[in-house]
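Asks: Quick one: structure below, then a few questions.
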Amino acid sequence: MTTKLSVKNVYKVFGPDPKDAMKRVKRGETKDQIFAETGATVGVSDASFDIHSGEIFVIMGLSGSGKSTMVRMLNRLIDPTSGSVSIDGQDITQMTRHELIELRRRDISMVFQSFALMPHQTVLENTAFGLAAAGVARGEREQRAQAALESVGLGANSNSFPDELSGGMKQRVGLARALAVDPGILLMDEAFSALDPLIRTEMQDELLRLQSEHTRTVVFITHDLDEAMRVGDRIAIMQSGRVVQVGTPEEIVRSPANDYVRSFFRDVNVSHVFTAGDVARRDQVTVIERAGVSVRAALELLKRYDRPAGVVHDRDRKYLGTVSVDSLLGCVKGLGRRDEGKIEAAFLHDVPVIDKSTPLNDLLEPVAESPYPVPVVDENGRYCGTISRAILLLTLNRSEEEAA
Amino acid sequence: MMHLLADSSGLWNTLGSDLTIDLHIGEGFTAIVNFMQAHFDLFFTIVAAIISFVADHLTTFFNWLPAPVIFIALALLALWRVSWQFALFVLVALYVVIGMDLWPETMDTLGLVLAATLAALGVGLPLGVLMAKSDAVRAVARPILDFMQTLPAFVYLIPAVIFFGTGRVPGVIATVIFSMPPAVRLMNIGIRHVPVENVEAGKAFGCNGLQLLWRVELPLALPSIMAGINQTIMLALSMVVIASMIGAGGLGDPVLAGIQQLRLGIGFQGGLGVVILAIILDRLTQSFGDRKRGDGLFTRLKALFTRSASDDGNTHSKKAA
């Protein structure tokens, strides 16, 4: 996992005298104090993080948290007041104007919230915009632009004008324009925020599909945690100019750094953050199958713990089946006094087995329909735990509880 | 009472002679003009040569062109850019001009307006770009533009005559100065109002300064720029008429004659000629500011001739689009 983009101690101060404000920042004065005394606004304060090659890195925060400023410092649409931004180890804050233009033409491109298409150009010309600026010959750039349009499913619309397209289609063009230059880094500034929810989900899937076809380093800005959780490999959360937490979606949901981060989960749908493996519990009575564990012994065990059902696995924890008191009793009836019986005969057939990577979304139905807690197994078929209806409901409800 | 009044007015007079300070603004301006005339003679000669070259050739050209050629050219332009109805209006209006026996004057005015507009845009549009790009330039240019626009049009004529004598050249120069401000202002506003994200997109995809201007800012500012050009042409037309007072010629002559000799008919005919020219120029230049992508000239001609009712053609093309 190599580092593609590295941000170190980056500050951005807007206002009349950034240098003076910087001194105050270093002295430890607060953002509000500085604004009151100098009129300067600290947009981003001491931001540091590394973005790995090939990941979708989400920067999330409420409006005014500095995330849009942050992303613009990654291609120097905004110059950082202090600190460094390195791409492949090269500090872009030290680049000359010419080097910067070259960098923007080759290695880093951007998708905008308002699409920012040129209304006087056709879809094809818009898509070829970056290539045209770089001086790529017409034949080649049109060919590459057409290929980019086809990759986002707009191959047939190349001669349309932007005002003839719907919002979702416009942003596909914005995406194609950014992909046409074949950049190493794709910056997406609230790229899907202006779209209605259905189209937005569709575009998120589109991004993930494109990413699976050709892995790029994507920096994705959003204010929407649901979106961040869906597309992000890792998420950085910004609060009033500071990066307060960086981590995988799971890490952040599991252990939020502070109340601000926690407050994001008020409305979040955790069902696609967590998988079956995350919520499975090991509190079921388990029966280890070995010589001498009879059907009667299993029945005794369940009765002793007062449980209606239990899980059977072998010594390697490989899941074998689920038994219930009823099914065991049914078996015992048919046995002679000295007969030990086979426990397999008591396995229930209406209990499904769930893979631990299954998202919670897909669990609702099997868990609801199964009469007993549903067993979860890993990729090798090993028993990881069970999920009962109560646990599932508790997990889904968890966000509200925590926010309250 | 009378005594009191007489008394107070006497007091005012005494006070007035002490308090009123003559700033000698008029004399100062005269001095500047005299100084410029004495020391920038070569400059004025060159400007005059260029202006007279362009203006003379344009007016000669329009007068040399046979009237039917101009009829057809303007009507086709009207059909292409506006509508067949407007093309029809152009033909009738130009026929009215011929009927008033004002064709040469109209062509003179057209030439003068175009010459003045070209010069005004040649200076004004780049100035507008500078103004949009630099707040310092804007701070300086703004009051000058206000001054240029509010100074009564006639006042321009005086220095113009001093520098360039009478005739076409001072007329065109006064017109250039009078008509330039809207082109500068609307270019400035147009560029400054280009959406931020479009400018950012231009930069983010590696445009240098010139590419940004050419590929993003000017195209997106086009409606505003065209509105500025349209206003410049309209102001030029009104000033060219006034400039006939210093011998610029054209449609202003019959108007002036109408005033001086109280000949209502002549004056009205001159005025009508100006109105006709104004409507044609206005509608045509305005049409270039629309961002709508109209059908080509051929499509329109075809629609006109293949269908007797060209309204059908219009609705058809709308449905197709």
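Asks: Of all DSSP beta bridges in the range A:137-274, what percent run antiparallel (nearest 5)? Before the final figure, lay out the partial values.
Replies: Numbers: 5 of 10 bridges.
Roughly 50 percent of the DSSP beta bridges within the range A:137-274 come out antiparallel.
Asks: List, largest first, the extents of the alpha carbons of chain B along their principal axes, each in whole Å.
Replies: Sorted from largest, the Cα extents of chain B read 88, 61, 54 Å.
Asks: Between the alpha-carbon centers of the range A:296-372 and the range A:135-197, tell me the distance in whole angstrom.
Replies: Going from one Cα centre to the other spans 54 Å.
Asks: Loop sites only, by DSSP: take the chymotrypsin sites (Phe, Trp or Tyr not before Pro) in chain B that have at most 15 other C-beta atoms within 10 Å and name the longest stretch containing none of them.
Replies: B:41-287
Asks: Helix by helix, which DSSP H runs in chain B go 24 Å or more along their axis at the Cα atoms and have an average Kyte-Doolittle hydropathy of -1.0 or more?
Replies: Once both thresholds are applied, what remains is B:2-19, B:41-64, B:103-133, B:168-192, B:218-242, B:264-287.
Asks: Mind giving me the FRET efficiency for A:Ala368 and B:Arg138? R0 is 60 Å, r the Cβ-Cβ distance, nearest 0.05 is fine.
Replies: It comes out at approximately 0.30.
Asks: Here is a further query. Please compute the modelled spin-label separation between A:Glu150 and B:Glu27, points set 7 Å along Cα→Cβ, answer in nm with one decimal.
Replies: Distance between the two pseudo-spin positions: 8.3 nm.
Asks: Using r as the Cβ-Cβ distance of B:Gln286 and A:Leu394, and R0 as 51 Å, what FRET efficiency do you calculate, to the nearest 0.05?
Replies: E between B:Gln286 and A:Leu394, to the nearest 0.05, is 0.15.
Asks: Run the numbers on the range A:109-208 and let me know its relative contact order in percent, using alpha-carbon pairs under 8 Å that are six or more apart.
Replies: Relative contact order here is 42 percent.
Asks: Taking R0 as 25 Å, what FRET efficiency do you get between B:Gln261 and B:Thr166 from their Cβ-Cβ distance, rounded to the nearest 0.05?
Replies: Plugging the Cβ-Cβ distance into 1/(1 + (r/R0)^6) gives 0.80.
Asks: Return the percentage of antiparallel bridges among DSSP beta bridges fully within the protein assembly as shown, rounded to the nearest 5 %.
Replies: 60 percent
Asks: Sticking with this one: Among A:Thr201, B:Leu251, A:Thr93, whose Cα lies farthest out toward the positive end of the dipole of the protein assembly as shown, if unit charges sit on the beta carbon of Lys, Arg (+1) and Asp, Glu (-1)?
Replies: Ranked along the dipole, the leading option is A:Thr201.
Asks: Mind running the shape call on the range A:56-189? Use the C-alpha gyration tensor, a ≥ b ≥ c as the square roots of the eigenvalues: rounded below 1.5 for a/c, prolate if a/b tops b/c, oblate otherwise.
Replies: Oblate, because a/c is 1.5 or more while a/b does not exceed b/c.
Asks: Is it possible to state the helix-based mean residue ellipticity at 222 nm for the protein assembly as shown, with each DSSP H run of 4+ residues giving -39500 (n - 2.57), the sum divided by total residues, to the nearest 500 deg cm²/dmol? What is it? Walk me through the numbers on the way to the answer.
Replies: Details: 33 runs with 418 residues, N = 725.
That comes out to -18000 deg cm²/dmol.
Asks: Something else: Charges at C-beta only: +1 for Lys and Arg, -1 for Asp and Glu. How large is the resulting dipole of the range A:136-206 about its Cα centre, in Debye rounded to 20?
Replies: 240 debye
Asks: For peptide A:119-126, compute the average count of partner chain beta-carbon atoms within 10 Å of each residue's beta-carbon. Intermediate results must be reported in sequence, preceding the final value.
Replies: Numbers: counts 6, 8, 3, 0, 0, 0, 1, 1.
Mean partner-chain Cβ count within 10 Å for A:119-126: 2.
Asks: What residue among B:Ala248, B:Ala55, B:Ala31 has the largest mean-square fluctuation in a Gaussian network model of chain B, using Cα springs under 10 Å?
Replies: Evaluated over chain B, the most mobile residue of the options is B:Ala31.
Asks: A further question on this structure: Tell me, what is the Rg over Rh of the range A:325-369, with Rh the Kirkwood radius over Cα pairs?
Replies: 1.21
Asks: Which of A:Leu394, A:Leu208, A:Leu335 ends up with the largest GNM mean-square fluctuation for chain A, with Cα atoms connected below 10 Å?
Replies: Sorting by GNM fluctuation, first place goes to A:Leu335.
Asks: Let me ask something else. With a ≥ b ≥ c taken as the square roots of the eigenvalues of the C-alpha gyration tensor of the range B:74-114, please select rounded if a/c is under 1.5 and otherwise prolate if a/b is larger than b/c or oblate if it is not?
Replies: Oblate, because a/c is 1.5 or more while a/b does not exceed b/c.
Asks: Using only alpha carbon pairs under 8 Å that are at least six residues apart, calculate the relative contact order of the range A:203-250 and give it in whole percent.
Replies: This gives 27 percent for the range A:203-250.
Asks: Let me know the number of lysine pairs in chain A closer than 27 Å at the Cα, not counting same-chain pairs under 8 apart.
Replies: The number of close lysine pairs in chain A is 24.
Asks: Can you tell me what the convex hull of the Cα atoms of the protein assembly as shown projects to on average, as an area in nm²?
Replies: 56.5 nm²
Asks: In whole percent, what relative contact order does the range B:158-285 give with Cα contacts below 8 Å and a gap of six or more residues?
Replies: For the range B:158-285, the relative contact order is 29 percent.
A short reminder: the numbers here are calculations on the coordinates, not readings from a lab. This structure is a prediction, so every number in the text was calculated from the model and none was measured. In this analysis, Cβ positions are derived from the backbone assuming ideal geometry, glycine residues included, and neighbour counts consider all displayed protein chains.
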